[in-house]
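For reference, the structure discussed in these notes is given below.
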Amino acid sequence: MTHAENKTWNSRRRIGILVLLVLLVGAAILVRGAGRWLVREDPLSRADMIVVLSGGLPYRAEAAATIFRGGYAPEVWVTRPEGPAPDLLARGIHYVGEEEYNRDILMARDVPESVVHTFPGAIVDTEQEVEATAAMMRSAGKTSVIIVTSPQHTRRVRALWKHVVGNSLKMTVRAAWEDPFDADHWWRNTRDALSVVREYLGLANAWAGLPVRPHSP
């Protein structure tokens with residue numbers, strides 16, 4: 001190899017190393033920002049009702065109680081997630097569903113029992129929660145809702161509402177900031193990592209038009 005060829009090869013190697021470093025830095029930035037990007041909260045404003053989505057005990061209910069005490073809505077609704085109650089009842093075992101714990105948390109945080117309501121039907125996933133919320137609002141003549149969920153779940157709630165409901169009803173999504181999800185270091189534990197993967201899969205399904213349907217409760 002001549003001196004000129006060697007010089008050219010060294011130059012190309014330096015460029016290759018530089019490109020690789022840029023790609024690695026870019027990938028690191030994307031990975032680090034993947035959790036933060038999922039958090040998409042709306043400004044808080046008055047609404048007809050607050051809805052606490054299932055999951056995230058006790059943080060979502062606690063956040064909803066804070067919003068209620070701030071005077072942003074006159075009533076709070078909790079969803080009833082699918083559970084093993086029928087199977088356990090057939091075996092003589094009483095099962096207390098998550099909705100009951102959410103009710104207890106709300107009342108323990110000074111939300112009057114008279115304004116705490118539970119959706120009647122069991123739900124499987126967020127899509128069904130959005131559908132049930134919109135259906136109840138239409139039947140009751142309500143036009144606005146504050147939905148409280150975990151920070152990493154906020155963007156998917158917005159995507160689902162846009163796809164399922166559109167702009168006919170106003171939805172404000174708020175995050176339960178006491179939730180332990182670490183948006184900046186989500187890869188450090190299995191709980192947060194699985195949560196991020198689940199949210200991106202759910203977003204992909206929403207953006208694709210919800211081809212993957214929830215199973216029947």
* **Computed over region 48-207: relative contact order in percent, which uses C-alpha pairs under 8 Å that are six or more apart** => 27 percent
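Once a ≥ b ≥ c are taken as the square roots of the eigenvalues of the Cα gyration tensor of region 48-207, is the result rounded (a/c under 1.5), prolate (a/b larger than b/c) or oblate (a/b not larger than b/c)?
Values: a/c = 1.27, a/b = 1.07, b/c = 1.19.
Cα axes put region 48-207 in the rounded bin.
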* Mind ranking 131-137, 56-62 by how tightly packed they are, going by the mean number of other C-beta atoms within 10 angstrom, highest first? => 56-62, 131-137
* Asked: FRET efficiency for Arg188 and Trp37, Cβ-Cβ distance as r, R0 = 22 Å, nearest 0.05?
  -> 0.80
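Got the relative contact order for region 149-217 handy, in percent, Cα pairs under 8 Å and 6 or more residues apart? Walk me through the numbers on the way to the answer.
Numbers: 44 pairs, mean separation 27.9, N = 69.
Taking the mean separation of contacting Cα pairs over the length of region 149-217, I get 40 percent.
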* region 192-211 residues near the modelled Val124 label - backbone nitrogen below 14 Å, point 7 Å along Cα→Cβ -> 210-211
* Can you pull the Rg over Rh of region 46-125, Cα-only, Kirkwood? -> 1.02
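No lab work stands behind these numbers, since they all come straight from the coordinates. The model shown is predicted, which means the values in this text are computed figures rather than measured ones. Because the Cβ atoms are built from the backbone with ideal geometry, glycine has one as well, and the counts that use them run over all protein chains shown.
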